[in-house]
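Trainee: Following this message is one structure expressed as structure tokens.
The values are calculated or read from the model by the stated rules, or taken from the named source; none is laboratory data. Being a predicted model, the structure only gives us computed values, none of them experimental. Note that we place each Cβ from the backbone using ideal geometry, even for glycine, and neighbour counts take in every protein chain shown.
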Amino acid sequence: MYKRIVLKLSGEALAGDRGFGLDTERVEQVTSEIAEINAMGVEVGIVVGGGNFFRGVAEQAKEMDRVSADNMGMLSTVINALALQDALERKNVYCRVMTAVLMNQIAEPYIRRRAIRHLEKGRIVIFAAGTGNPFFSTDTAASLRAMEIKADVLLKATKVDGVYNADPKLVKDAVKFDEISYMEILKQGLKVMDATAVSLCKDNNLPMIIFSMNQPGNIKRVVLGERIGSRVTA
């Protein structure tokens, strides 16, 4: 069992079948699983995306200044972080939202040592607002936070059950990798995470597991070491 993890959740995953906004049933399902592994003694950090509200690189932002669009995307992640915090606290789980952009009335500023102290005390920490900088994705933020807090592993929960050599929705005979290196992901141009995030993990020997969150209980299975999804190593 892993002692300290960073779980990367996409904003789209929290929208469920609605495709936009927050699906309360999906949020309840995800936070129930997170609360369960927290009760097992696992120290949990979460990085959440904001694509269910706004993505700086999406079609809706193509006419916008990239910095403005990315700032809007970062604020979207804060909405999702607060929703996760609320759902977790209703389950009597201690939780803190820490943002990379100062907004003291809403959340704590991200301070590495304080984040680690929260984790050591058994609190779940949700890292919001990405890295606080435009041009960087929340995947990169997840890689960065995982290394800063010395996480054992980065878990990426997606709609797909692992890494494939092609999009399994478009190519019916796409092959799934049970294990693959970061270098192979970069060489083959696989759209697992953006290249910056992949390079960060590779350079710092941070293992990552990519798995589907559509199957209830998968977060617990991965934490307990069950071989599901795809394992990515340096």
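Trainee: Any chance region 194-201 includes a residue that's surrounded by 15 or more Cβ atoms within 10 Å (Cβ to Cβ), in contact with a Lys or Arg (Cβ under 8 Å, 6 or more places away or on another chain), aliphatic (A, V, I, L, M) and at negative phi?
Mentor: The answer is no; no qualifying residue exists.
Trainee: So residue 86 fits all but one of (1) surrounded by fewer than 20 Cβ atoms within 10 Å (Cβ to Cβ); (2) of a type outside the set (A, V, I, L, M, F, W, C); (3) closer than 15 Å to residue 38 by Cα; what number is the exception?
Mentor: (3)
Trainee: Exactly one of these conditions fails for residue 141: (1) in contact with a Lys or Arg (Cβ under 7 Å, 6 or more places away or on another chain); (2) of a type outside the set (Asp, Glu); (3) not in a loop (DSSP other than H, G, I, E, B). Give me its number.
Mentor: (1)
Trainee: Please give the number of the condition residue 176 fails out of (1) in contact with a Gly (Cβ under 8 Å, 6 or more places away or on another chain); (2) of a type in the set (Lys, Arg); (3) under 24 Å from residue 14 (Cβ atoms).
Mentor: (3)
Trainee: Tell me, which residue of region 23-68 that is among the charged types (D, E, K, R) and under 19 Å from residue 81 (Cα atoms) is surrounded by the most Cβ atoms within 10 Å (Cβ to Cβ)?
Mentor: Residue satisfying both the conditions and the ranking: 43.
Trainee: Another question, if that's okay. If we scan region 120-127, do we find a residue that is in a helix (DSSP H, G or I) and touching a residue at least 12 places away in the same chain (Cβ under 8 Å)?
Mentor: yes
Trainee: Is it the case that region 60-71 has a residue that's of a type in the set (A, V, I, L, M, F, W, C) and within 18 Å of the chain's Cα centre (by Cα)?
Mentor: No, every residue in region 60-71 fails to be of a type in the set (A, V, I, L, M, F, W, C) and within 18 Å of the chain's Cα centre (by Cα).
Trainee: Okay, moving on. Out of all the residues in region 155-204, which are among the charged types (D, E, K, R), over 28 Å from residue 34 (Cα atoms) and not in a loop (DSSP other than H, G, I, E, B)?
Mentor: Correct list: 184, 187, 203.
Trainee: Tell me yes or no: at least one residue of region 29-40 is of a type outside the set (Asp, Glu), in a loop (DSSP other than H, G, I, E, B) and free of Cβ contacts under 8 Å to residues at least 24 places away in the same chain. Steps first, please.
Mentor: Step one: of region 29-40, the residues of a type outside the set (Asp, Glu) are 29-32, 34-35, 37-40.
Now drop any that are not in a loop (DSSP other than H, G, I, E, B), which leaves 40.
Checking which are free of Cβ contacts under 8 Å to residues at least 24 places away in the same chain leaves us with none.
No, there is no match, as no residue in region 29-40 is of a type outside the set (Asp, Glu), in a loop (DSSP other than H, G, I, E, B) and free of Cβ contacts under 8 Å to residues at least 24 places away in the same chain.
Trainee: Among the residues of region 220-230, is there at least one that is part of a helix (DSSP H, G or I), modelled with pLDDT under 95, touching a Leu at 6+ places or on another chain (Cβ under 7 Å) and not acidic (Asp, Glu)?
Mentor: Scanning region 220-230, I find no residue that is part of a helix (DSSP H, G or I), modelled with pLDDT under 95, touching a Leu at 6+ places or on another chain (Cβ under 7 Å) and not acidic (Asp, Glu), so the answer is no.
Trainee: Still on this model: Of everything in region 206-216, what is in a loop (DSSP other than H, G, I, E, B) and either modelled with pLDDT of 95 or more or β-branched (Val, Ile, Thr) (or both)? Give them in sequence order. Spell out how you get there, then give the answer.
Mentor: From region 206-216, those in a loop (DSSP other than H, G, I, E, B) are 206-207, 213-216; that's our starting set.
Passing the criteria: 206, 207.
Trainee: On to the next question. Condition first: out of contact with any helix residue (DSSP H, G or I) (no Cβ under 8 Å at 6 or more places or on another chain) and either in a loop (DSSP other than H, G, I, E, B) or closer than 13 Å to residue 11 by Cβ (or both). Now tell me which residues in region 83-93 satisfy that.
Mentor: 90, 92
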